[in-house]
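One structure below.
The values are calculated or read from the model by the stated rules, or taken from the named source; none is laboratory data. In this text, all values refer to a predicted model and were calculated from it rather than measured experimentally. Quick reminder, even Gly has a Cβ in these numbers, built from the backbone with ideal geometry, and neighbours come from all protein chains shown. When the accessible area is computed, the model is the full protein with side chains, heavy atoms only, and any ligands, DNA or RNA have been set aside. Shrake-Rupley method; radii C 1.70, N 1.55, O 1.52, S 1.80 Å.
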Amino acid sequence: MVATHLDTESMHEHVVLRRGVRSGLPIVVAVHSTALGQAIGGCRVAQYPHWRDGLTDALRLAAAMSDKCALAGLPNGGGKTVVALPPGRALDAAARRAVLHDAGDVIAGLDGAYATGPDVGTGPDDMVTIAERTPHAFCRPVHAGGSGDSSGHTAVGVLATLRALCAERFGSADLSARSFAVLGLGRVGGHVLRMLADAGATLVAADTDEGRRPLADTAGAAWVSPQDCLTADVDVLVPAALGGLFTPHTVPTLRCAAIAGPANNQLDTPVTADLLHQHGILWAPDIVVSAGGIIHATAVELHRETSAQATARVHGIADTLTDILRTARATGSTPAAAARARARHHVDDDERLEPHERP
Ligand code: NAD
């Protein structure tokens, strides 16, 4: 079939695909939008079956970042860097440095339209390496002038949204009365599990890495397989590993009443939000739930706020989610549709302002 029109609304402003001159590896930098300000989004270094899959991922993740920034009230748009490693390819220190410099050069070529940060496969130290090629890298370690690892702030935002979600779904924000299945005990999931344990919640947890099991034991969580965690009979499922978890195949197997977690791009396609709704599962959009880290980092590093001001903003995610869930309930739509409409509205409103009137 021949395409008859260009879907310009979802089109990215700028996409660079380059074979790194040092590393020879495919590097994608996607700038989805700078309508609200500089595009921001992490640098993912991960294995993909083919570099085209990395390109697809970068496009999706950059677009999601635009909505995430709009919903978080940030004066920023969305972007993403993806370094697509061939299957089975690991990076030694020299190869890692080479690829991070290659990525830094691509970002430098965008003249400040986009700034990067840590994501899956990169951390604060890698931002120091990227910053050797471009100033547009945030979340460097505190000793290197950045705001450091943002995962603790992401987890604080997740906890705030879990309370808001429970208030909406179960009529009380008290986490001690609820059961949770935390899937993925990495940097964010580990923090979330500990905070839920401190709040007195009943817990189930899983990770593909058996080395994370002591974390579950310390938190008093029952350790199960990732598959059993996904389908656990709990109040709330907390996806904290990778995306693409919810599909027409997995949704009918779920036994939770609600879902909220930091994992990016949890749905295989946007229509899966409708399927979750039809199954009576309240899904809190990941672009709202996972925003704590980026809110804190940009507030402190790009907008020079104090850590206390930034933390207050992170807690504000809970109010945003409550508004979205209430709008969805009142209009009979899904939280995903309500979030999308709110993000669009925010961008449209901002575009009507003169530059000096923007936040
Ligand atoms: P991480 O790499 O530290 O942790 C991910 C954990 O998931 C690892 O322990 C890994 O072993 C586990 N895992 C991988 N595949 C799994 C599977 N199939 N089943 C169970 N466990 C599995 O990553 P992170 O920084 O904790 O981020 C987790 C998610 O949250 C990612 O999707 C990330 O994009 C998203 N996120 C993170 C931040 C942040 O501040 N770090 C911010 C926003 C969103």
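Of note:
- Accessible carbon and sulfur surface of segment 1-102 relative to its total accessible area, %, 1.4 Å: 57
- Computed over protein heavy atoms with a 1.4 Å probe, the accessible surface of the chain works out to 44 Å² per residue.
- Its convex hull of Cα atoms gives segment 1-113 a direction-averaged projected area, equal to a quarter of the hull surface, of 8.2 nm².
- Using θ = phi - 60° and Karplus 6.51 cos²θ - 1.76 cosθ + 1.60, couplings along segment 271-287 (whole Hz; Gly, Pro as x): 5, 5, 4, 5, 5, 4, 4, 4, 8, x, 9, 7, 9, 7, x, 4, 5
- Protection proxy ranking for 233-241, 203-211, 61-69, using the average of other Cβ atoms within 10 Å per residue and placing the highest first: 61-69, 233-241, 203-211.
- Under 15 Å, Cβ to Cβ, from Ala84 - net charge with Lys/Arg +1 and Asp/Glu -1: +4
- Highest average packing first - 262-271, 74-83, Cβ atoms within 10 Å: 74-83, 262-271
- A Cα-only calculation for segment 120-183 places Rg and Dmax at 17.3, 51 Å.
- Computed over segment 40-176, the P(r) tail beyond 23 angstrom holds 41 percent of alpha carbon pairs.
- Between the Cα long axis of helix 317-331 and the first principal axis of the chain there is an angle of about 70°, rounded to the nearest 10.
- Over segment 201-359, the pair-distance histogram of Cα-Cα distances with 5 Å bins from zero comes to 2, 8, 14, 17, 18, 16, 12, 8, 4, 2, 1 percent, rounded to whole numbers.
- Cα point-scatterer Debye curve for the chain, base-10 log of I(q)/I(0) at q = 0.08, 0.14, 0.15 Å⁻¹: -0.37, -1.21, -1.38
- Nearest 10 degrees, 0 to 90: helix 51-71 Cα axis against the chain principal axis: 70
- Taken as Cα centroids, segment 285-348 and segment 131-188 sit 13 Å apart, rounded to the nearest whole angstrom.
- Packing order of peptides 137-147, 289-299, 272-282, highest average first: 289-299, 137-147, 272-282 (average count of other Cβ atoms within 10 Å over each peptide's residues).
- Using alpha-carbon coordinates, inclination of helix 151-170 to the longest axis of the chain, degrees: 40
- Residue of Leu25, Leu71, Leu162 that the Gaussian network model of the chain assigns the largest fluctuation, springs spanning Cα pairs under 10 Å: Leu25
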